[in-house]
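*Asks:* First the structure, which I've put down as structure tokens, then a few questions once you've had a look.
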Amino acid sequence: AKSISKCYVQVTGMTCASCVANIERNLRREDGIHSILVALMAGKAEVRYNPAVIHPSAIAELIRELGFGATVMENSGEGDGILDLVVGGMASASCVHKIESTLMKTNGVLYCSVALATNKAHIKYDPEIIGPRDVIQVIKDLGFATTLVKKDRSASHLDHKREIRQWRRAFFVSLAFCIPVMVMMIYMMVKDSQLSEARAHHNMSDEEMEAIHSSMFLERQLLPGLSVMNFLSFILCVPVQIFGGWHFYIQAYKALKHKTANMDVLIVLATSIAFVYSFVILLVAMAEKAKVNPVTFFDTPPMLLAFISLGRWLEHVAKGKTSEALARLISLQATEATIVTLGPDNVLLSEEQVDVELVQRGDIVKVVPGGKFPVDGRVIEGHSMVDESLITGEAMPVTKKPGNTVIAGSINQNGSLLISATHVGADTTLSQIVKLVEEAQTSKAPIQQFADKLSGYFVPFIVAVSVVTLFAWIIIGFVDFEIVEKYFMGYNKSISAAEVIIRFAFQASITVLCIACPCSLGLA
């Protein structure tokens, strides 16, 4: 019996239970293979074999010949059972030592550590040789009370309600302030185009144009250099920048701390610079008592933050839907199982109710009509119809007779069945589905990783481009002032040429930053 080894094979291409049956049936016939157990959802087979006769690579080859993909898994530790217990009644370190040494001597226990302070024991065992009930019995025999550490059955860590609320709030805050800013902007645009048409018809001079322009309500100056439009935009922009952008600031700060640049950094950079620049320009204009209202970018932050918050909100709503489905799945798991002891000729000797975590591989479990199957297993005795719709989507009940496999979480309908447990705990189909969904939720789509990587290069690139723009315009301006004059309309003739150039260069570089920020990449 010592010459039996165990290996795990990753199997791909299995689609349903018949594939599993096919692999198990064919491999059992082979020489040197003692037993094989295939888990469909996990896509792995656990094979016990005689190393003198056959090698794991040969086993994988046999599976490949059946038309599936198969690779031998190196870290066979996956098959170890893990048990967490609360041990009561330990007085001192000698108790700890007593429990640990006794358990380590027990056949099938691979690792054990007991913490006196927390009264907890963490045990790894080989589920082929020993099971959780045996371990608990060993500790009980030593005179300590033990209970299982209750696992959190709910999928609370997958709850996106908080994030959904947070982004919804951010979106509506941004939106509330963004709409008036947009309305003012559109109004100004329409008025401007009407004015330029009027100008074309009536040949008005610049001065008259200015007069009409500044007589418009939004362009009227509250203080010299501060127009109603700019003042309102500023008032509307501040709360958005604080409430709408709060989360982005935190994320951006964290990213920069780790010397990476993600989407949030760009957003923060653009909105902050647009905001600060506009604010400074306003102050300068007021200090100069400028006649012409400066061009500000107060419209950028609210609109940008509104769009992006909307995107994040929708994303979390979508994630929340999956989590909800997952929570329902988790709730399908049975909490208790009835374990029976059989005598000769399958006579029932005794039965007991235990927590589903305590069911061991090879246990005989009785499932009454209307009951849930606590674990995956094989029918030993009894005939029944089973509703497996929750796993397979099969609407009609499936007939089960001795030799058929049953799935944890499905519902027994009319006959009482005795099943032998094959997959327990985290190995059941249901647990595997839950695990897969969790992994899918926590991992990023490849395209998303790519976008993040790109934005890592994109951010520094944009910043560099805007800096280049700044210097390029300064140089152009000092070399040939006419060009700047041509593009920089309505500047105050009283300020020096150098200042005009620098102001124009800044405006150009800020424009680059603001326009590159809500790049489609990040929004998408």
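The values are calculated or read from the model by the stated rules, or taken from the named source; none is laboratory data. On a predicted model such as this, the values are computed, not experimentally measured, just so you know. In this analysis, Cβ positions are derived from the backbone assuming ideal geometry, glycine residues included, and neighbour counts consider all displayed protein chains. Ligands, DNA and RNA are excluded from the accessible area calculation, which covers all protein heavy atoms including side chains. Shrake-Rupley method; radii C 1.70, N 1.55, O 1.52, S 1.80 Å.
*Asks:* Under 28 Å Cα-Cα from Lys289, which lysines qualify once same-chain neighbours fewer than 8 residues away are excluded?
*Replies:* By straight Cα distance, Lys289 reaches Lys191, Lys486, Lys493.
*Asks:* Let me check against my output: what whole-number percent is the relative contact order of the chain, with C-alpha pairs under 8 Å and at least 6 apart?
*Replies:* Working: 803 pairs, mean separation 60.0, N = 524.
Reported as a whole number, the value is 11 percent.
*Asks:* Something else: Just need the relative contact order of segment 333-435 here, percent rounded to a whole number, with Cα pairs under 8 Å and 6+ apart. Intermediate results must be reported in sequence, preceding the final value.
*Replies:* Details: 263 pairs, mean separation 32.0, N = 103.
It rounds to 31 percent for segment 333-435.
*Asks:* OK, next. Can you bin segment 5-73 into rounded, prolate or oblate? Criterion: square roots of the alpha carbon gyration tensor eigenvalues sorted a ≥ b ≥ c, rounded for a/c under 1.5, prolate for a/b above b/c, oblate for the rest. Show your work: numbers first, answer last.
*Replies:* Working: a/c = 1.70, a/b = 1.55, b/c = 1.10.
In terms of gyration-tensor shape, prolate.
*Asks:* Counting only helical runs of four or more DSSP H residues, what would the 222 nm mean residue ellipticity of the chain come to if each run contributes -39,500 (n - 2.57) and the total is spread over all its residues? Kindly include the intermediate steps, with their values, before the conclusion.
*Replies:* Values: 16 runs with 262 residues, N = 524.
Counting only the DSSP helices, I get -16500 deg cm²/dmol.
*Asks:* Go through Asn346, Tyr111, Gly425 and say which Cα lies farthest out towards the positive end of the charge dipole of the chain; charges sit on Cβ, +1 for Lys and Arg, -1 for Asp and Glu.
*Replies:* Value computed over the given set: Tyr111.
*Asks:* Of the labelled options (i) 1.03; (ii) 1.20; (iii) 1.01, which one gives Rg/Rh (Cα atoms, Kirkwood Rh) as computed for this structure?
*Replies:* (ii)
*Asks:* Right, next: Counting Lys +1, Arg +1, Asp -1, Glu -1, what net charge surrounds Thr422 among other residues with beta carbon under 11 Å of its beta carbon? Walk me through the numbers on the way to the answer.
*Replies:* Working: positive: Arg361, Arg378; negative: Glu24, Glu46, Asp363, Asp376, Asp427.
Taking every other residue near Thr422 into account, the sum is -3.
*Asks:* Quick check: residue separation of Val368 and Thr102 times 0.36 nm, minus the Cα distance between them. What number comes out in nm? Can you show the working numbers first?
*Replies:* Details: separation 266, 0.36 × 266 = 95.76 nm, distance 3.79 nm.
The Val368-Thr102 span can extend by a further 92.0 nm.
*Asks:* Based on the mean of other Cβ atoms within 10 Å per residue, sort peptides 347-360, 271-284 so the most packed one is first.
*Replies:* Values: 347-360: 14.9, 271-284: 19.5.
Averaged packing, sorted descending, gives the order 271-284, 347-360.
*Asks:* How large, in percent, is the carbon and sulfur part of the accessible surface of the chain at a probe radius of 1.4 Å?
*Replies:* Numbers: 17130 of 27720 Å².
Solvent-exposed carbon and sulfur of the chain make up 62 percent of the total.
*Asks:* A follow-up question, please. Could you report the chain's accessible area per residue, 1.4 Å probe, as an integer in Å²? Can you show the working numbers first?
*Replies:* Details: 27720 Å² over 524 residues.
Averaged over the residues of the chain, the accessible area is 53 Å².
*Asks:* Please give the length that would be gained between Ala498 and Asn26 if that part of the chain were fully extended, namely 0.36 nm times their separation in residues minus their C-alpha to C-alpha distance (nm, one decimal).
*Replies:* Details: separation 472, 0.36 × 472 = 169.92 nm, distance 8.65 nm.
So the extension gain works out to 161.3 nm.
*Asks:* Name the GluC sites (Glu not before Pro) in segment 13-72 that are in a loop by DSSP and that have at most 15 other C-beta atoms within 10 Å, would you?
*Replies:* On the way: sites: Glu24, Glu30, Glu46, Glu61, Glu65; in loops: Glu30.
Answer by residue number: Glu30.
*Asks:* I need the shape label for segment 333-435. Rule: rounded when a/c is under 1.5, else prolate if a/b > b/c, else oblate, with a, b, c from the alpha carbon gyration tensor.
*Replies:* Details: a/c = 1.87, a/b = 1.21, b/c = 1.54.
Taking the square roots of the gyration eigenvalues as a ≥ b ≥ c, segment 333-435 is oblate.
*Asks:* Please give the peptides 232-240, 326-334 ranked by average Cβ packing (other Cβ atoms within 10 Å per residue), highest first, as a rough proxy for protection. Write down the numbers at each step before the final one.
*Replies:* Values: 232-240: 19.0, 326-334: 16.3.
Sorting 232-240, 326-334 by mean packing, highest first, produces 232-240, 326-334.
*Asks:* Continuing with this model, one more query. If you stretched the chain out fully between His258 and Val149, how much longer would it get, using 0.36 nm times the residue separation minus the C-alpha to C-alpha distance?
*Replies:* Details: separation 109, 0.36 × 109 = 39.24 nm, distance 3.67 nm.
This chain segment gains 35.6 nm when fully extended.
*Asks:* Too long at a 24 Å Cα-Cα cut-off: which of Lys150/Lys372; Lys44/Lys321; Lys321/Lys435? Spell out each step's value before the answer.
*Replies:* On the way: Lys150/Lys372 20 Å; Lys44/Lys321 29 Å; Lys321/Lys435 16 Å.
Pairs exceeding 24 Å: Lys44/Lys321.
*Asks:* Calculate the spin-label point distance for Ser193 paired with Thr399, positioning each point 7 Å from the Cα along the beta-carbon direction, and give it in nanometres.
*Replies:* About 7.5 nm separates the two model spin labels.
*Asks:* Now, a different point. Treating only the Cβ atoms of Lys and Arg (+1) and Asp and Glu (-1) as charged, compute the dipole magnitude of the chain about its Cα centre; round to the nearest 20 debye. Walk me through the numbers before you get to the answer.
*Replies:* Values: 46 positive and 50 negative charges, 131 e Å.
Here the chain has a charge dipole of around 640 debye.
*Asks:* Place the peptides 138-148, 241-251 in order of packing, highest mean first, counting for every residue the other Cβ atoms within 10 Å and averaging per peptide.
*Replies:* On the way: 138-148: 14.7, 241-251: 18.5.
Highest-to-lowest ranking by the protection proxy: 241-251, 138-148.
*Asks:* What number comes out for the charge environment of Phe243, summing +1 per Lys or Arg and -1 per Asp or Glu over other residues with Cβ under 14 Å away?
*Replies:* Working: positive: Arg165, Arg168, Arg169; negative: none.
Neighbour charge sum, excluding Phe243 itself: +3.
*Asks:* Return the lysines within reach of Lys105: Cα separation strictly under 26 angstrom, same-chain partners fewer than 8 residues apart disregarded; answer none if there are no such residues.
*Replies:* Lys2, Lys6, Lys120, Lys124, Lys140
*Asks:* What are the membrane-span-like helices in the chain by this rule: whole DSSP H runs, Cα extent along the axis at least 27 Å, mean Kyte-Doolittle hydropathy at least 0.5? Working shown, then result.
*Replies:* Values: long enough: 161-202 (60 Å, 0.12); 263-288 (37 Å, 2.14); 300-331 (46 Å, 0.38); 446-479 (48 Å, 1.52); 497-516 (29 Å, 1.71).
Helices meeting the criterion: 263-288, 446-479, 497-516.
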